[in-house]
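The values are calculated or read from the model by the stated rules, or taken from the named source; none is laboratory data. Note that the structure is a prediction, hence the values are computed from the model and not measured. Don't worry about glycine lacking a Cβ; one is built from the backbone with ideal geometry, like all the others, and counts go over all protein chains shown. Each accessible area value is taken on the protein alone, full model and side chains, heavy atoms only, with ligands, DNA and RNA left out. Shrake-Rupley method; radii C 1.70, N 1.55, O 1.52, S 1.80 Å.
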Amino acid sequence: DAHAHFEESIARYDPQRHNGLTFVYGQDPGVMSHAHETWALWLRGYADQALTRARAALTLAQESGFLINEAIAYHFLALTHQFRREQQAAQQAAAAEVAISTEQGFPFWHAMGMITQGGALLAQGQEQEGLALMRQGIEAHRTTGAEIGNTYWIALLAEGYGKTGQAEEGLATLTLALQTMRKNDERWWEAELHRLKGELTLQQQFKVQGSTLKVENPHSAFSNPQSEAEACFLKAIEIAKRQQAKSLELRATMSLARLWQSQGKTAEAHKLLSEIYGWFTEGFDTKDLQEAQALLAELATA
């Protein structure tokens, strides 16, 4: 539904007639329609179209003559690269957003640029610098009085804690993200919150490193966390299906397939993953789809 509205807005937008609306609303409706549509496109499973839209938003913003539009466009370009797990590109776009926002005094966009940049740095191995920048950005975002986006930012921080081996801190932060989601009814990242909860639960119990799950005895006294994680993954898949968020459905299915693989349920895992992977028609150069293809190959030969 969101995608349809953005397409209608883009079709109706005329730069010559509507450029001045930046004075009225603080942002250009054409830039914002292109930018926000990147979310709808990526979530629906169209990673390449999302990147095309993000780049078009930046071009439109640069042509508008308003630096606020340029800061916004860089923000959504950074997010699109982050969704696609292209961390260096995300970092560069976020750095441009921060630079413009610092120069022009845009605290809202400056804060979000810091968080995105921090997440990208962390994903590239600069863990302490990345976490520090994310925490600083989240605090700066909070001081603006803004609520929109908080669910995603807090979840990104929780994921960051998981990547640095701090599963307990990650779970505590994720609890805050879920509370924030319910308070603000901001549910576009809901499926991912439950998937991350499952991953952190497993990591806490089995000391998982990276994305590789190692369970020596799935029927040991620690089977409870596996059941809890499985429930989280299944809930994430159900929510993603309901929201038609194919990219998040793929991530949740990957997590469940890895868990089933560790339990010896390779046939079930392969069937489940092959169904969602077979839906996609683009984005095959993104890490999510590359990892899904590799896992399918592993499961097929198990």
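Side notes on the structure shown:
- Hits in the stretch 164-192 - residues which are within 15 Å of the chain's Cα centre (by Cα) and of a type in the set (K, R): R187
- Top-ranked residue in the stretch 68-98 [being open to solvent by less than 20 Å² (accessible area, probe 1.4 Å) and of a type in the set (F, W, Y); ranked as nearest to M114 (Cα to Cα)]: F76
- I10 satisfies every condition listed in (1) at pLDDT 95 or above; (2) among the β-branched types (V, I, T); (3) surrounded by fewer than 19 Cβ atoms within 10 Å (Cβ to Cβ) except (1).
- Residues that are among the aliphatic types (A, V, I, L, M), surrounded by fewer than 18 Cβ atoms within 10 Å (Cβ to Cβ) and more than 30 Å from F284 (Cα to Cα) do not occur anywhere in the stretch 101-113.
- A40 more than 25 Å from E291 (Cα to Cα), touching a Phe, Trp or Tyr at 6+ places or on another chain (Cβ under 7 Å) and either modelled with pLDDT of 95 or more or surrounded by 17 or more Cβ atoms within 10 Å (Cβ to Cβ) (or both): no
- Filter result for the condition that a residue is of a type outside the set (V, I, T), open to solvent by less than 30 Å² (accessible area, probe 1.4 Å), assigned to a helix (DSSP H, G or I) and in contact with a Phe, Trp or Tyr (Cβ under 8 Å, 6 or more places away or on another chain), over G119, G198: G198
- A54, sole failed condition from (1) in contact with a His (Cβ under 8 Å, 6 or more places away or on another chain); (2) open to solvent by 50 Å² or more (accessible area, probe 1.4 Å): (2)
- Subset of the stretch 174-209 that is β-branched (V, I, T) and modelled with pLDDT of 95 or more - its residue that is nearest to M254 (Cα to Cα): T201
- Condition check for E228: surrounded by fewer than 22 Cβ atoms within 10 Å (Cβ to Cβ), under 21 Å from the mean Cα position of the chain (by Cα) and either at pLDDT 95 or above or under 21 Å from E192 (Cα atoms) (or both): no
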